[in-house]
Amino acid sequence: MRTLGFMLGYEDRAEEYINFFREKWDLIEERVKDIPDDERKKVYFEGADKYKTYGGADYGCGIPGIIRAAGGIDLFPEISAYYFEVDPEEVAKRDPDVIIKGTPGGYLLEDASKFKELYDEITSRAELANTTAMKNGDVYIISFDVTGGARKKFGPIFLAKILYPDKFEDLDPYAVLKEYLEEYQGLKYQGVYLYPSMS
């Protein structure tokens, strides 16, 4: 961003853009850094395909990095494959505290019906019924619009709020996204990004 800002003569604007995200990431890092390992939330992040997830041994495709940046522990940190199939029984055995399923869609969605269908499907899986996540109702459907590609920069902001709401009562991921879309992209804020909603 700094190089682009220099090339285009918008150095101040580039620095402002960088700081927009950096201040949120620094806030998250500061608040989660002292959480003991045995108190960090274990996260099973399922991709668009059923029982496929992301390896974390080398930070994989970036999803494990998002989880770690938010203070969580990815469920398969020892596997380096970017995207791989898992045994449902192994997921249950590792007992995630939070289950998050990523899905396409987000900005262009008018309602949460698609997300609700996915939520109903994953919460009806008998093999996961006894996990901590299911028992506590910590199951979410999240848009790749805030966890995929260049948009992974929003991932820690959304996940920190999901994992540790008490630590981030003053952090509003939707407000961050709205400001980004309107201030830096010139777009109207709209869409569905998380179900159930945190607001």
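Computed from backbone phi, the HN-Hα couplings of the stretch 177-186 come to 5, 4, 5, 4, 5, 7, 7, 10, 10, x Hz, rounded to whole numbers (Karplus: 6.51 cos²θ - 1.76 cosθ + 1.60, θ = phi - 60°; Gly and Pro given as x).
Roughly how big is the stretch 1-117's charge dipole about its Cα centre, with Cβ charges of +1 (Lys, Arg) and -1 (Asp, Glu), in debye to the nearest 20?
Computed charge dipole of the stretch 1-117: roughly 200 debye.
Work out how much length K135 to S80 would gain on full extension: take 0.36 nm times their residue separation and subtract the Cα-Cα distance, in nm to one decimal.
Length gained between K135 and S80: 16.9 nm.
Cross-link partners for K178 among the aspartates and glutamates, with Cα-Cα distance under 20 Å and sequence neighbours closer than 8 places in the same chain left out: E15, E16, E23, D26, E110, D111, D145, E169, D170. Overall, the stretch 59-106 carries a charge dipole of about 240 debye about its Cα centre when +1 sits on the Cβ of Lys and Arg and -1 on the Cβ of Asp and Glu, all other atoms neutral.
Residue-wise HN-Hα couplings along the stretch 131-137, as the Karplus relation 6.51 cos²θ - 1.76 cosθ + 1.60 with θ = phi - 60° gives them from phi, are 6, 4, 4, 5, 4, 8, x Hz; Gly and Pro carry x.
With contributions of -39500 (n - 2.57) from each DSSP H run of at least four residues, the per-residue ellipticity at 222 nm computed over the chain stands at -11000 deg cm²/dmol.
Go through K42/K161; K42/K114; K41/K114; K50/K116; K114/K153 and tell me which ones have a Cα-Cα distance over 21 Å in this structure. Check vs 21 Å cut-off fails for K42/K114; K41/K114; K114/K153. If R0 is 45 Å, the Cβ-Cβ spacing of Y10 and E127 corresponds to a FRET efficiency of close to 0.30.
Between Q185 and Y51, the distance separating the two model label sites (each 7 Å from Cα on the Cα→Cβ line) works out to 3.5 nm. Largest GNM mean-square fluctuation across G65, G155, G137, computed for the chain with C-alpha springs under 10 Å, falls on G137.
Here the Karplus curve 6.51 cos²θ - 1.76 cosθ + 1.60, taken at θ = phi - 60°, turns the phi angles of the stretch 71-78 into couplings of x, x, 10, 6, 6, 10, x, 8 Hz, with x standing for Gly and Pro. Backbone amide hydrogens, once placed in the peptide plane, bring K42 within less than 5 Å of I73, D97, V98, excluding anything fewer than 5 places away on its chain. Maximal additional length on extending the R94-D26 stretch stands at 21.5 nm, based on 0.36 nm per residue less the C-alpha distance.
Here the extension length gained between T3 and E169 equals 56.2 nm, from 0.36 nm per residue of separation less the Cα-Cα distance.
The H on the amide N of Y140, modeled in the peptide plane, is under 5 Å from the matching H of I99, I100, K101, each at least 5 residues off or on a different chain. If only the Cβ of Lys and Arg carry +1 and only the Cβ of Asp and Glu carry -1, the dipole of the chain around its Cα centre is close to 260 debye. Relative contact order for the chain: 21 percent, from Cα pairs under 8 Å spaced at least 6 residues apart, divided by residue count.
A short reminder: the numbers here are calculations on the coordinates, not readings from a lab. Note that the structure is a prediction, hence the values are computed from the model and not measured. Backbone-built Cβ (ideal geometry, glycine too); neighbour counts: all protein chains shown.
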